[in-house]
Amino acid sequence: MSASKSSSSPVLDGASLDDLLQSFVGQASGPAVRGQDPVNVPMIRHWVEAMDDHNPVYVDDQAARDAGYAGIIAPPTMLQAWIMRGLRASQESDRARADGQAGGDSPSDQLMAALDDAGFTSVVATNCDQHYERPLVLGDRISVTSLVEAVSPEKTTGLGVGHFITNRLDFTDQHGEPVATMRFRILKFRPPDKAAPVSEATEQPARPKRPRPSLTQDNQFFFEGTKEGKLLIQRCSNCGTLRHPPRPACPNCRSFDWDTVKASGRGTIYSYVVNHHPKVPAFDYPLVVALVELEEGTRLVANVSGIDPGIVVIGTAVQARFETFDDELTLPVFHPVDGSDVDTARPATDPEGAH
Ligand SMILES: [Zn+2]
């Protein structure tokens, strides 16, 4: 959807920009595409299983006939699946774009480039409407053409000032008859000024607090424990099974009776992600978010600090420390156990430390 092409067009005033934008209306927004495969049962089966859709008319010929169809029909919302180019073609065009060899000259690309040049460099999809003429049946060969249907005047939105672009995709069958229409709308907008609000007293950007956990009678003990520097695990007082995240009943014996046990804070990285975007102002990035397996056996999600985000290794031994983010929030943050870090299971005292 995004175009990286930039041109050397002169800066346009509002009126001439609107004229330019309107000149794209009615033009093709992409090449005509013919589906690689006819409508078929295997693709439908994968879809309904992925979507957990149990409507039998999609996979059972008799059920479809009983429902008044001539045979199996495809789920209407599979519409786009029939014209997908597949992974290989997508990878090839991604590579071409990265090499600066993108086609980039379609009217839609030029429209996006014109908006980029005018400062509307951010994009977000806003809505997608599909209209179906008839159910698709096995053997249908679907093709699609697309055009720029509308470009709005400049609008002020919660995200910023921008223009809505509506692309219309017309789906046809092997006879050229229309089977469906899809309108896909995006907002191409000017990103807000990145400058953060500045406090007059310190001239430091105001840093919002971390999001609050949603406290319930089941999980409150956990966050009260972290305030005291204790990592608590819920334990069934009937059978002794440990469980996390906290919940009302024991998954082993179904008892509602529980107490807690204090964990050592030692564990290993069971899995992880490194979050780069989007950047939430309360956090520092890259942000290592790990699923830590505690030596007691339960796992919890927490940040890992003191580790190179580029070389996080599953299985790394870690130790919890407690970091106080504000008056209300103290959380365990895990640090790798190696060399000098081994004996540092204590409240973090360095507010400048990575977290
Ligand atoms: Zn139990």
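Here is how the numbers come out for the structure above:
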{"item": "Residue 254 paired with residue 228, simple spin-label distance in nm, labels 7 Å along Cα-to-beta-carbon", "result": "3.3 nm"}
{"item": "0 to 90° range, to nearest 10: angle between helix 107-117 axis and the chain longest Cα axis", "result": "50 degrees"}
{"item": "Rounded to 10°, Cα long-axis angle of helix 41-51 versus longest principal axis of the chain", "result": "40 degrees"}
{"item": "Inter-probe distance in nm under a simple model that places probes 7 Å from Cα toward Cβ, at residue 46 and residue 299", "result": "2.7 nm"}
{"item": "Separation in nanometres of the label points that stand 7 Å from Cα toward Cβ, at residue 156 and residue 207", "result": "3.3 nm"}
{"item": "Computed FRET value (nearest 0.05) for residue 217 with residue 126, which takes r as the C-beta separation and R₀ as 35 Å", "result": "0.35"}
{"item": "Cα extents of the chain along the three principal axes, largest first (Å)", "result": "71, 65, 36"}
{"item": "Burial ordering of 188, 230, 209, fewest other beta-carbon atoms within 10 Å first", "result": "209, 230, 188"}
{"item": "The chain: relative contact order as a whole-number percent, Cα under 8 Å and 6+ apart", "result": "12 percent"}
{"item": "Hydrodynamic radius of region 106-182 per Kirkwood, over alpha carbon pairs, in Å", "result": "14.6 Å"}
{"item": "Ascending count of other beta-carbon atoms within 10 Å, so fewest first, for 156, 324, 172, 77", "result": "156, 77, 324, 172"}
{"item": "Under 18 Å, Cα to Cα: Lys pairs in the chain, sequence gap 8 or more or different chains", "result": "7"}
{"item": "Inter-part distance where region 222-297 and region 48-71 are each reduced to a Cα centre, Å", "result": "43 Å"}
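Bear in mind these aren't lab numbers, they're just calculated from the coordinates by the rules spelled out. Since we're looking at a predicted model, the values are computed, not measured. Every residue, glycine as well, gets a Cβ built from its backbone with ideal geometry; the counts of neighbours run over all protein chains shown.
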